[in-house]
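Encoded as structure tokens, the structure appears first; notes follow it.
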Amino acid sequence: QVKFVESGGGLVQPGGSLRLSCVASGFPFGDYAMSWYRQPEGKPIEFVAFTTNTGGNINYAASVKGRFTVSRDNAKNTLYLQLDKVKPDDTAVYFCNRASRADAWGQGTQVTVST
């Protein structure tokens, strides 16, 4: 059973930083490209960041480019998202998934950017 467990979210002030983690299981993690997504309250889910199986190539949504950094540790079956210079519009539930989008979503982790 493929499973994703996101963590690391919380309340952060504008301009601050946060590091999210996604622990994956049920498949050979190092063989698959991974992505981060987010869903603001009452809005559709949106793409945030992508990385190939080795982490050798990445892609970001324009809204986060230059502020967020995706990385992975295949030995730990873990995907990371470093959020820097956060803005109120970054407030959302953040999810990870295989880039194929073939799997069920995890529970996500809430990021709230507010004073």
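The values are calculated or read from the model by the stated rules, or taken from the named source; none is laboratory data. If you're wondering where the values come from, they're calculated on a predicted model, not measured in any experiment. Every residue, glycine among them, receives a Cβ derived from its backbone with ideal geometry; neighbour counts consider all protein chains shown. Quick note on the areas: whole protein, heavy atoms, side chains included, nothing else; ligands and nucleic acids left out. Shrake-Rupley method; radii C 1.70, N 1.55, O 1.52, S 1.80 Å.
Here Gly16 clears all of (1) more than 14 Å from the chain's Cα centre (by Cα); (2) in a strand (DSSP E or B) except the condition numbered (2).
Whether any residue in segment 40-61 is basic (Lys, Arg) and crowded, with 17+ Cβ neighbours inside 10 Å is what I want to check. No - not one qualifying residue is present in segment 40-61. In segment 47-91, the residue that is nearest to Arg19 (Cα to Cα) out of those that are among the polar types (S, T, N, Q) and in contact with a strand residue (DSSP E or B) (Cβ under 6 Å, 6 or more places away or on another chain) is Gln82. Could you list all residues from segment 5-41 that are closer than 16 Å to Asn97 by Cβ and among the aliphatic types (A, V, I, L, M)? Val5, Leu20, Val23, Ala24, Ala33, Met34 - these are the residues of segment 5-41 that are closer than 16 Å to Asn97 by Cβ and among the aliphatic types (A, V, I, L, M). Selection of first residues in segment 11-29 that are without any contact (Cβ under 8 Å) to a residue 40 or more places away in the chain and of second residues that are in a loop (DSSP other than H, G, I, E, B), restricted to Cβ pairs under 6 Å at least 6 apart or on distinct chains, gives the following pairs, ordered by first then second residue: Gly26/Gln1; Gly26/Val2. One residue alone among Val93, Val64 is touching a residue at least 12 places away in the same chain (Cβ under 8 Å), aliphatic (A, V, I, L, M) and part of a strand (DSSP E or B), and that residue is Val93. Search segment 68-84 for residues being under 17 Å from Gly8 (Cα atoms) and out of contact with any Ser or Thr (no Cβ under 8 Å at 6 or more places or on another chain), and hand back the single one that is least open to solvent (accessible area, probe 1.4 Å). Among those residues, the one meeting the criterion is Phe68.
Conditions (1) of a type in the set (Lys, Arg); (2) in a strand (DSSP E or B), marked per residue:
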{"site": "Gln1", "(1), (2)": "no, no"}
{"site": "Ser21", "(1), (2)": "no, yes"}
{"site": "Gly30", "(1), (2)": "no, no"}
{"site": "Tyr37", "(1), (2)": "no, yes"}
{"site": "Lys43", "(1), (2)": "yes, no"}
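For beta carbons closer than 7 Å, sequence separation of 6+ or different chains, a first residue in segment 72-90 that is on the phi > 0 side of the Ramachandran plot and a second that is open to solvent by less than 50 Å² (accessible area, probe 1.4 Å) and part of a loop (DSSP other than H, G, I, E, B), the qualifying pairs are Lys85/Arg67.
Just to be sure before I move on: is Thr51 over 13 Å from the mean Cα position of the chain (by Cα) and hydroxyl-bearing (Ser, Thr, Tyr) in the structure I sent? Judged against the criteria, Thr51 is not a match.
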